[in-house]
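I have placed the structure first, in the form of structure tokens, so that the comments after it can refer back to it.
The values are calculated or read from the model by the stated rules, or taken from the named source; none is laboratory data. Predicted, not measured: the structure shown is a model, and the values here were computed from it. Surface areas here come from the heavy atoms of the whole protein model, side chains and all, with no ligands, DNA or RNA. Shrake-Rupley method; radii C 1.70, N 1.55, O 1.52, S 1.80 Å.
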Amino acid sequence: MESLKKNEDFKNCYKTGRSAANRYLVLYHVPNGQDKNRIGVSVSRKIGNSVVRHRIKRLVRECCRLHENEFESGFDIAVVARRSANGATYKEIETSLLGLMKKSGLLLMTSSEQTL
């Protein structure tokens with residue numbers, strides 16, 4: 001899994017991509033024509049100081065790293081944190097992100113879900 005770094009990549013996700021949102025995060029995704037995902041995390045200054053912003057980014061990146069084998073590949077994904085993400089625990093961010101991935105159709109079915 002790689003990161004989105006260029007402003008034009010983020011703008012492409014926002015403009016042409018599909019979105020899903022919940023209490024803590026907004027997720028934008030667009031196909032990238034590659035066999036891997038690129039993920040970028042954006043946290044506004046309105047959410048808090050740099051310590052708070054980087055903590056949220058670390059939580060989202062860690063969740064992506066731990067669950068990357070469960071995600072559909074070939075997408076650029078931009079994750080934008082909302083104000084309510086300030087002070088959220090890892091479990092809340094993880095549940096939020098996985099819920100958005102499922103809602104967007106980017107979460108592969110696990111073997112336990114396929115048997116149901």
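Tabulated data for the structure shown
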{"read-out": "Expected 222 nm ellipticity per residue - DSSP helices of 4 or more, -39500 (n - 2.57), all of the chain, to 500", "value": "-12500 deg cm²/dmol"}
{"read-out": "Filter on 46/103; 5/36; 15/46; 6/91; 6/57 - keep pairs with C-alpha separation over 20 Å", "value": "46/103; 15/46; 6/91"}
{"read-out": "Protein accessible area in the range 31-116, 1.4 Å probe - carbon and sulfur %", "value": "50 percent"}
{"read-out": "Two-decimal Rg/Rh across the chain, once Rg and the Kirkwood Rh are taken from alpha-carbon atoms", "value": "0.96"}
{"read-out": "Solvent-accessible ranking of 4, 98, largest area first, probe 1.4 Å", "value": "98, 4"}
{"read-out": "Probe 1.4 Å, accessible area per residue of the chain, Å²", "value": "61 Å²"}
